[in-house]
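Below: one structure, written as structure tokens.
What follows draws every value from the coordinates through simple rules; no lab data is involved. Remember, predicted model here, so these are calculated numbers, not experimental data. Note: ideal-geometry Cβ built from the backbone for every residue, glycine included; neighbour counts use all protein chains shown.
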Amino acid sequence: MKTLCLCLLAVIFGRVCFAQGYDFDIHTDSAPLSKASDQSRKHVHHIIAQLHNYASEIGDIRLQQVLSTTNIAYPRDISIAQVALSTNDNGRIILISEPFIDHLKQFLSDELPSLVSLKNKLILSEHPLFIHALTDILLHELGHHALNAFYSDYTPPGYIPTMEFEAQAWANQIKVNVELDEEGVGKIVSLLSLLHNEFVTSQHEKRSAMQQNAIRYKIDVECDESYSQIATVLCEQVRPAIEHRFKNQHKVEQPLTSINFKY
């Protein structure tokens, strides 16, 4: 059975695609990585090294095994909205979308500064938001591998939210233990970049508001659970600024409570 976990926002449970046809390694073809993805790869290697040291210090053989046997690739044909996915069909694989990494880097460097006041721009500049977001994505995917929390088209939909919750809970605990993404804003940053991308894409394509609504809901959840100064800036200034910039685009099409979503 094909097993897979889609990360960070495939909105509808039935929307599952499998990682097939790749020569799984650090990259999936002979073309060079984009600059942002190359930076991402270096950060990922550093995070993995920190996790190896942590696992060795506490004698966590299971985590050491997962870290030693998981390959990471940056395919171009995984969309921005998919962000990342994992599979254990042919060994442990994490695929991080190169288009998403490029978009995230562009959002943080070009768009985010225009969405905040000068004072808050200085506050944001003091934090490695790209690394925080990347850390959250990587740890969430590693959580699926550490817990063997994979699912497929044949998995009862009711089990999927539990697997996603457990993978994120594992990631959050590792953040605390290893002192990673200490401000707890990695997921908020990724979600804000996804929301901005949905609005921009909707200017050129006819798209349902369902994805935007699901992302809004997840941002609300994360913001309600985050209390740091940087989280306050992101939630109280950046998010409303994005909404204001694109305020005339879409009306809500259905209640958020009726939307099933992943991650």
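The table below gives the values:
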{"read-out": "Residues whose placed amide H lies under 5 Å from that of ILE72, excluding near-sequence neighbours", "value": "ILE94"}
{"read-out": "Table column - 3J(HN,Hα) (Hz), the range 86-98, Karplus curve with 6.51, -1.76, 1.60, x for Gly and Pro", "value": "10, 8, 10, 5, 10, x, 7, 10, 10, 10, 10, 4, 5"}
{"read-out": "Pairs from LYS175/LYS218; LYS105/LYS218; LYS35/LYS247; LYS35/LYS187; LYS105/LYS175 whose Cα-Cα separation, in the structure shown, is over 24 Å", "value": "LYS35/LYS247"}
{"read-out": "GluC sites (Glu not before Pro) within the range 72-156: DSSP coil, no more than 13 neighbouring Cβ in 10 Å", "value": "GLU126"}
